[in-house]
There are 2 protein chains.
Amino acid sequence: MCCQVKLGISARHVHVSQEDLEKLYGSGAVLHPIKDLGQPGQYAADERVDLITPKGSIKNVRILGPVRKQSQVELALTDARKLGLNPPVRDSGNLVGTPGITMVGPYGSVELTEGVIIAARHIHFDPATAAQYDLKDQDHVCVKIKGERGLTFEHVLVRVHPSFAPEMHIDTDEGNAALMDSDCMVEIVAK
Amino acid sequence: MCCQVKLGISARHVHVSQEDLEKLYGSGAVLHPIKDLGQPGQYAADERVDLITPKGSIKNVRILGPVRKQSQVELALTDARKLGLNPPVRDSGNLVGTPGITMVGPYGSVELTEGVIIAARHIHFDPATAAQYDLKDQDHVCVKIKGERGLTFEHVLVRVHPSFAPEMHIDTDEGNAALMDSDCMVEIVAK
């Protein structure tokens, strides 16, 4: 098996529920898209929040839209350490038992009791592309990154859904460790 | 070939020349060791500096001793981006053409015209251990890190010297990408 997929490096970001968005930005607030992301329908919003813990803060963290059922904060471990947090590596949406955090917007703040994760590295595929590469949802693969800081990521989760476009997602620690920028092509080298 | 070596994760740090130390901490200043490092004779000093560029600053960056011939600033790429710098990945001491930076101490400051690098991942070996593993100075190897965020680092430089102890050095981006802490054992899997 040998196939290439586009890399997307996710900087720290926040997903919010409509209820939390209104606490942060006021009643009736909506997200304003400023840039489309690699996955269809997903976008970076103009709205941002400050993240605060007893140990520190990070300002102006981008909200990604559209709104979700539950708010979620995705940090690189470098960010988490700055905030004195030790979140687990989780797949998006799997938030049980994760640390909480305070999000502050221009209108008000939200105290999340859980929701902070380090996103597990993963690859999105539409069903046709996945089938072409003999991959199915929940497979794990190894992905080789070439270059001066070349490395091979293991345990990369494959996620297949009709709404997905082929794209591998890693966080900024992983991107920096590999000295890679978004939009380069990387290679699935083994199941 | 299969051998294990202890991992050491280097946070951002500074090496200084005696001349620069005196500009930062005053005439006749010396470094005060507070913690021995993995390599014999190397230590974390009590002394720290602030790093400043036109784009940002990082406070309280540790000086590692003893003093060297030339000052050198080792950053993770995450740190460098915060400072608006784009330093190359280099072996320690190879500073030609690297970006400069301002170091500020309690007595005065130093304007480095060059010296900022991202340290290339490498392994220290004493000659006896290197020979036991059939490795020599300037070899490159692949190193496998196990665990939830397992990965294999390629292009890892082997450095052999009688003053060295066996230890692999990576930076905080690389350590966080692998979800590893210092002092775990990692495995050289291929030349």
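For this structure, a couple of remarks:
- Placing +1 on the Cβ of every Lys and Arg and -1 on the Cβ of every Asp and Glu, with no other charges, gives the range B:1-150 a dipole of roughly 560 debye about its Cα centre.
- In this Cβ point-charge picture (+1 for Lys and Arg, -1 for Asp and Glu), the range A:103-191 has a dipole of about 240 debye about its Cα centre.
- Eligible aspartates and glutamates near B:Lys136 by straight Cα distance, threshold 13 Å, same-chain separation 8 or greater: B:Asp126
- The range B:11-118: Rg to Rh, with Rh as the Kirkwood radius over Cα pairs: 0.93
- Given a 1.4 Å probe and the protein chains as shown, B:Ser27 ends up with an accessible area of around 110 Å².
- When the helices of chain B are scored as -39500 (n - 2.57) per DSSP H run of n ≥ 4 and the total is divided over every residue, the value at 222 nm lands at -3500 deg cm²/dmol.
- Chain B against chain A buries an accessible area of about 2200 Å², both chains summed, 1.4 Å probe radius.
- Residue-normalised accessible area of chain B, given per residue in Å² at a 1.4 Å probe: 45 Å²
- Among B:Ala177, B:Ala165, B:Ala119, the largest mean-square fluctuation in a Gaussian network model of chain B (Cα springs under 10 Å) belongs to B:Ala177.
- Per-copy distances of the A:Asp50 label point, shortest first, in nm (7 angstrom along Cα→Cβ): 2.0
- The overall shape of the range B:53-100 is oblate: from the C-alpha gyration tensor, with semi-axes ordered a ≥ b ≥ c, the ratio a/c is 1.5 or greater and a/b is no larger than b/c.
- Cα gyration tensor shape for chain B, rounded if a/c is under 1.5, else prolate or oblate: prolate
- Equivalent ellipsoid semi-axes - Cα gyration tensor, the protein assembly as shown, angstrom: 38, 29, 17
- FRET efficiency estimate (nearest 0.05) - Cβ-Cβ, B:Asp46 to A:Ser182, R0 45 angstrom: 0.65
- Taken about its Cα centre, the protein assembly as shown carries a charge dipole of roughly 160 debye when the Cβ of each Lys and Arg holds +1 and the Cβ of each Asp and Glu holds -1.
- Positive dipole terminus of the range B:11-118, leading residue within B:Thr78, B:Gly100, B:Ile117 (C-beta point charges): B:Thr78
- Residue-level accessible surface for B:Asp126, protein heavy atoms, 1.4 Å, Å²: 30 Å²
- Here the accessible area of chain B is 51 percent carbon and sulfur, with a 1.4 angstrom probe and all protein chains present.
The values are calculated or read from the model by the stated rules, or taken from the named source; none is laboratory data. None of the values given here were measured: they were computed from a predicted structure. Every residue, glycine as well, gets a Cβ built from its backbone with ideal geometry; the counts of neighbours run over all protein chains shown. With ligands, DNA and RNA removed, areas are computed over all heavy atoms of the protein, side chains included. Shrake-Rupley method; radii C 1.70, N 1.55, O 1.52, S 1.80 Å.
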